[in-house]
Amino acid sequence: MGLKEVRIHGRGGQGAVTSAQILAIAASKDGKFTQSFPTFGVERSGAPVEAYTRISEEFINRRQQVYNPGYVIVLDTSLIGVIDVTKGISEDGLIIANSTKTPEELGLKGAKAYSIDITKIALDIMGKPFVNIAALGAFASLTGETSIDSLKKAVEERMGKLAELNNKALDKVFALAEDLK
Amino acid sequence: MVNIDIKKATVTEASVSVAWGARLSRPEVIPMYPITPQTHIVEHLAEFINNGEMDAEMIHVESEHSALSAMVGSVAAGSRTFTATASQGLALMYEILPIMSGMRLPGVMAVANRALSAPINIWNDHSDSVSARDQGWIQLWVESSQEALDTVIQAYKISENKKVMLPVMVNLDGFSLSHVYEPVEIPDQGKVDKFLPEYKAEDFLDLKNPKTFGPIGFPSDYMEFKEQQQAAMFEAEPVVQEVAKEFGKAFGREYGDGLVEEYKMEDAEYAVIGMGTLCGTAKDAVDELREKGIKAGVLRLKCMRPLPAERIQKAVKGLKALAVIDRHVSLGFEGPLFTDLRSALYETGLQVNGYVAGLGGKDIKIQHFEKVFNELKEGKKKGGWLL
């Protein structure tokens, strides 16, 4: 069926839900069917948040929650230890973590893991730690599930005035991830 | 599988799709009161009106009871009207539900289905609308964002049909659908205008030609009114099919025949039937089971009232057993859909098992359907709660 599932971990206010939506918009620009939704509930600033994106060549029928994602993005690695970010990840899965530490130092096991200091790039370019969209640059590079061009178009569509700097950060993270491959 | 041209689609929230369905239907009046998980629907309608993209009067009322009361007033005055609600909001409207249908006023209300308190719960199940099923509203249930948009437009055409003249509830699963972003094709306004012409009421409140709506019905006449309503409900069944067919021709999208959608039923020996998003997950379960050689299928009930009994009898021909999945329970008995369908299928002699699932947002998973199909295959009279 070729269904791909992505889980994005963040804290309330970091924009995990927005980035899952942007990923869905981008994938649809690549001609794919998508679904994007958060863990439904009461949103609280700082609390652990999970958001999901499904990507498929065909219309997606299933509506159950995401239990076995192929890809996990961790926007805030202070969540590691609070919750199990690797839970249910498929055997050939891939984790992208925003951190200055290596995946080994973060204790990320059971899947292929990459870490990039996305916060630094966001601070350099935007002066603020907006990592949610920039992190998708690493996703595009390391998974190939969406094109960087579609991502940038989706960011323009969704983020208005904030699109330009976000896309700059997105490009930078994409380039850094390319070097990790 | 919904026929969407991905190149023409935009990715948006299902609530926004419902708002688009309403916008394209050109209601003149929208009485609104927000409640989770419906709020995004009326918020987007407010935005359309604010942007000058939609010409409708939004009435900010003080409760859902008032929202539906205002809808009764505006439809009685001859205006196409839209509102939306959920859960306790629908419960608060309850008094007005049979008044609107009893006065034979057409109109469309979206319900982003949510569990009823207590304990307080904002997540999806079908207890709000299913427990209101006897109040004379046509009930349509959708599975996807695109279907939600398309069904709102169809609902007006069904509702305003002279043979019907009954209000329609368009039900979509709260959160499980209402808050999901997915691709949707937004139809062209010109095409929608052609499909759904302006509403011209024959009977309406008019100062020059005074009339009374809903006056007292004495014991000598009340039952005759109800008999007419019952007849109109049954008249609605073929109208739902005709409208679905016409919509399919105009827009290229069909959801079964508007009453029931059949998935891999041609040679099915075992099937599940339910409403809303759980059927999408059931379809994927059926695909997996078929790879294991089990001839499984899904029936999705899109129209719960009127209940298309003969249509369902036809759809289950050839089945060895059927499981009904209720996302609601009639406390003290069983799932109401199970009661309905066992009654509708009594004369066929088919084994029907009843399951209650997904209350208060409990996830309904593929593995639940694996269990259900295994129990059907075992041929035993089983059922119960899927936890």
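None of the figures in this text is laboratory data; all of them are computed from the coordinates on show. The structure displayed is predicted, hence computed values, not measured ones. When we count neighbours, we look across all protein chains shown, and the Cβ atoms used for this are built from the backbone with ideal geometry, even at glycine.
Its alpha carbons considered, the stretch B:45-95 gives a radius of gyration followed by a Dmax of 11.9, 34 Å.
Only Cα sites of the stretch B:77-219 enter the Debye sum here, all with the same form factor; the resulting log10 I(q)/I(0) across q = 0.13 1/Å is -0.64, listed in q order.
Pairs of C-alpha atoms in the stretch B:1-145 farther apart than 20 Å represent 47 percent of all such pairs.
Can you work out the base-10 log of I(q)/I(0) for the stretch B:10-251 at q = 0.07, 0.10, 0.15, 0.17 1/Å, using the Debye formula on its C-alpha atoms alone? Evaluating at q = 0.07, 0.10, 0.15, 0.17 Å⁻¹ gives log10 I(q)/I(0) of -0.21, -0.43, -1.00, -1.31.
Treating only the Cβ atoms of Lys and Arg (+1) and Asp and Glu (-1) as charged, compute the dipole magnitude of the stretch A:4-180 about its Cα centre; round to the nearest 20 debye. Can you show the working numbers first?
Numbers: 21 positive and 22 negative charges, 96 e Å.
Its charge dipole is roughly 460 debye.
Footprinting exposure proxy ranking of B:Leu68, B:Leu301, fewest other C-beta atoms within 10 angstrom first, gives B:Leu301, B:Leu68. Each Lys or Arg adds one and each Asp or Glu takes one away; over the other residues whose Cβ falls under 13 Å from the Cβ of A:Arg11, this sums to -2.
On a per residue basis, the convex hull of the C-alpha atoms belonging to the stretch B:111-178 measures out at 68 Å³.
Relative to the longest principal axis of the Cα atoms of chain B, helix B:14-24 runs at roughly 40 degrees. May I ask which of B:Lys249/B:Lys302; A:Lys29/B:Lys283; B:Lys302/B:Lys377 have a Cα-Cα span longer than 22 Å here? Violating the 22 Å limit, Cα to Cα: A:Lys29/B:Lys283; B:Lys302/B:Lys377. Reducing the stretch B:316-371 and the stretch A:75-138 to their Cα centroids gives an inter-centroid distance of 43 Å. The Stokes-Einstein estimate for the protein assembly as shown, based on a Kirkwood radius over Cα pairs and taken at 10 °C with 1.306 mPa s viscosity, is a diffusion coefficient of 64 µm²/s.
Ignoring aspartates and glutamates fewer than eight residues from B:Lys362 along the same chain, the ones with Cα atoms less than 12 angstrom from its Cα are B:Asp125. Given in Å, the Rg to one decimal and the Dmax to the nearest whole number for the Cα atoms of the stretch A:57-156 are 14.4, 42.
Three principal axis extents of the stretch A:18-70 based on alpha-carbon atoms, in descending order, are 34, 21, 18 Å.
Within the P(r) computed for the stretch B:261-386, what percentage of the Cα pairs occupies the region above 21 Å?
Details: 2354 of 7875 pairs.
It works out to 30 percent of all Cα pairs.
In percent, how large is the relative contact order of chain A, given Cα pairs closer than 8 Å and 6 or more residues apart?
On the way: 375 pairs, mean separation 39.2, N = 181.
Averaging sequence separation for qualifying contacts and normalising by length gives 22 percent for chain A.
Helix B:39-50: angle to the longest alpha-carbon principal axis of chain B, degrees 0 to 90, nearest 10? That works out to roughly 40 degrees.
Of the trypsin sites (Lys or Arg not before Pro) found in the stretch B:174-207, the ones in coil according to DSSP and having at most 12 other Cβ atoms within 10 Å of their Cβ are B:Lys200. Mean-square fluctuations from a GNM of chain B, with a 10 angstrom spring cutoff on Cα atoms, peak among B:Pro37, B:Pro210, B:Pro187 at B:Pro210.
Dipole magnitude for chain B: computed about the Cα centre from +1 point charges on Lys and Arg Cβ and -1 point charges on Asp and Glu Cβ, it is near 820 debye.
Scanning chain A for GluC sites (Glu not before Pro) in DSSP loops with at most 13 other Cβ atoms within 10 Å, what's the longest stretch left with none? Don't jump to the answer; show the numbers that get you there.
Details: sites that count: A:Glu43, A:Glu57, A:Glu58, A:Glu91.
Result, exposed sites excluded: A:92-181.
With contacts taken as Cα pairs under 8 Å at a separation of at least 6 residues, the stretch B:10-251 carries a relative contact order of 25 percent. Axis angle, to the nearest 10 degrees, between helix B:366-377 and the longest C-alpha principal axis of chain B: 60 degrees. Any chance you could tell me what percent of the C-alpha pair distances in the stretch B:151-293 go past 18 Å? Here the long-distance tail beyond 18 Å is 71 percent of all Cα pairs in the stretch B:151-293.
Rank by packing, highest mean first: peptides B:165-178, B:227-240, with packing defined as the count of other Cβ atoms within 10 Å averaged across residues.
Values: B:165-178: 28.2, B:227-240: 16.5.
With the highest mean Cβ count within 10 Å placed first, the list reads B:165-178, B:227-240.
Pairs exceeding 19 Å between alpha-carbon atoms, taken from A:Lys101/A:Lys152; A:Lys172/B:Lys8; A:Lys128/A:Lys161; A:Lys32/B:Lys8: A:Lys101/A:Lys152; A:Lys172/B:Lys8.
Expressed as a fraction of 2.2 N^0.38 Å, the value expected for a compact globular protein of N residues, the C-alpha radius of gyration of chain A is 0.93.
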